[in-house]
Amino acid sequence: AMACGCPVITSTVSACPEVAGQVALLVDPRNTAEIASAMAVLIEASTEQMQGFQQRGIVQASQFSWEDCARRHVEVFNGV
C-alpha cells in the first residue's frame with residue numbers, strides 16, 4: 001500500500017512496526033478504539049497531511065524489494 005502512495009494503518013505486532021517505520025499509523029489490532037481513532041486521523045487529514053503520508057510511505061517502501069528479500073533468504077539457506 002505504501003509503495004502505491006496509500007496511507008497505512010498497521011498493527012503493532014509481528015514485523016509490521018519494523019517495516020512501517022515511523023510512516024504508518026500503528027495500532028493494537030485487538031483495540032477497536034485505536035483502529036477507529038487511526039481511521040479518523042486519515043479521514044480528517046488535510047490535503048497536505050495526506051500528501052505527507054503518501055510521500056513518506058513511498059520513500060519507506062522503496063527501502064524494501066522482493067529481490068533483496070529473496071537474496072537474503074538464499075544467504076540464510078546457504079548458511080544453514
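The values are calculated or read from the model by the stated rules, or taken from the named source; none is laboratory data. This is a predicted model, so every value here is computed, not measured. Backbone-built Cβ (ideal geometry, glycine too); neighbour counts: all protein chains shown. Side chains included, ligands, DNA and RNA excluded: accessible areas come from the protein's heavy atoms. Shrake-Rupley method; radii C 1.70, N 1.55, O 1.52, S 1.80 Å.
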Residues of segment 41-50 being polar (S, T, N, Q) and exposed (fewer than 13 other Cβ atoms within 10 Å of the Cβ), which ones?
Ser46, Thr47
Can you confirm whether segment 52-70 contains a residue that is open to solvent by less than 60 Å² (accessible area, probe 1.4 Å), farther than 19 Å from Ala1 by Cβ and outside any helix (DSSP H, G or I)?
no
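Return the only residue of Ala3, Ala33 being in a helix (DSSP H, G or I), within 10 Å of the chain's Cα centre (by Cα) and of a type in the set (A, V, I, L, M, F, W, C). Before the answer, list the steps.
On the way: Ala33 fails: within 10 Å of the chain's Cα centre (by Cα).
Answer to the selection: Ala3.
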Pairs returned, first residue in segment 23-46 that is free of Cβ contacts under 8 Å to residues at least 24 places away in the same chain, second residue that is part of a loop (DSSP other than H, G, I, E, B) and open to solvent by 50 Å² or more (accessible area, probe 1.4 Å), beta-carbon separation under 6 angstrom, 6 or more apart or interchain, are Leu26/Thr12; Asp28/Thr12
